[in-house]
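Below: the structure, in structure tokens.
The values are calculated or read from the model by the stated rules, or taken from the named source; none is laboratory data. Quick caveat, the model's predicted, so the values are computed rather than measured. All Cβ positions, even for glycine, are placed from backbone atoms using ideal geometry, and neighbour counts span all protein chains on display. All accessible areas refer to the heavy atoms of the entire protein, side chains included, with ligands and DNA or RNA removed. Shrake-Rupley method; radii C 1.70, N 1.55, O 1.52, S 1.80 Å.
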Amino acid sequence: MRAYGEIATIGFIGPPRTNGTVLHEAFRLAPPGVTWVWSTMGLRSSVNSNSTGRWMQPRPAPRNWPSRGQRHRDDGHPLISSKGAPYHEQLEDRLANAIGKRIPVTSDIHCVLSAFAALKLNRIAVASIYQRYIQDT
Amino acid sequence: MIEYFRHYGVRTLADEALSYALADCITKPSMTTSYDTAKTVLQRAPEAQGLYISCPQWPVIDQIETD
């Protein structure tokens with residue numbers, strides 16, 4: 001048995017200001033024996049924008065991304081919802097096509113909807129720090 | 001999100017949006033803000049089947065494990 005091994009590599013796109021929280025929570029969620037090895041790269045379109053309006057607009061990753069052998073990619077960005085349904089499906093298709101469908105692509109809203117379906121939830125309550133116009137869309 | 005979820009057949013019975021501006025997301029929430037907000041919104045929707053706490057800038061796992 002190997003002491004160390006790589007199970008999967010995941011590419012994750014998220015707003016840079018969330019890194020501290022996302023990493024901490026990811027370590028908390030990891031099952032026993034599994035850890036995360038993180039490295040980060042800046043995406044200019046996200047890093048250089050300071051206004052909420054630009055920040056909240058999801059953008060596709062560069063064409064050459066991922067270039068380090070990722071087998072799975074999660075394009076997490078909760079404000080995908082600001083584009084209106086079914087935007088996450090269209091975005092996932094665009095991203096998958098942009099990389100020749102070499103790896104699976106999903107989004108956080110996709111995971112959330114899948115969780116609702118798995119748990120058979122159709123009446124929920126929502127709490128967020130978002131502004132009202134974001135929450136309502 | 002509420003409209004988005006509705007598109008997929010999920011109805012939001014009650015919600016709470018704290019309306020933080022971008023900089024507020026870093027400075028305003030405490031480690032229990034998500035817990036306090038979740039409790040508030042659940043009190044308004046006791047018939048809800050589930051609670052969705054949104055935004056990756058919120059630390060939530062400790063709060064979920066509290067109850």
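For the segment B:56-65, counting C-beta atoms of other chains within 10 Å of every residue's C-beta and taking the mean gives 5. In order along region B:54-67, the phi-based Karplus estimate (6.51 cos²θ - 1.76 cosθ + 1.60, θ = phi - 60°) of 3J(HN,Hα) comes to 9, 3, x, 8, 9, x, 10, 4, 4, 5, 4, 7, 5, 9 Hz; Gly and Pro are listed as x.
Peptide B:5-18 shows a mean partner chain C-beta count of 6 within 10 Å per residue C-beta.
For chain B, which GluC sites (Glu not before Pro) pass both filters: DSSP loop (anything but H, G, I, E, B) and at most 15 other C-beta atoms within 10 Å?
Passing sites in chain B are B:47.
The value of relative contact order for region B:2-63, using C-alpha pairs under 8 Å at least six residues apart, is 34 percent. Residues whose amide H falls under 5 Å from that of residue A:11, counting only those 5 or more places apart or on a different chain, are A:72, A:73, A:74, with hydrogens built in the peptide plane.
Averaged over the residues of peptide B:43-55, the number of Cβ atoms from other protein chains lying within 10 Å of each residue's Cβ is 6. For the chain pair B and A, the buried solvent-accessible surface (1.4 Å probe, both sides summed) amounts to about 4000 Å². Note on region B:2-63: Cα convex hull, mean projected area over all directions, 4.7 nm².
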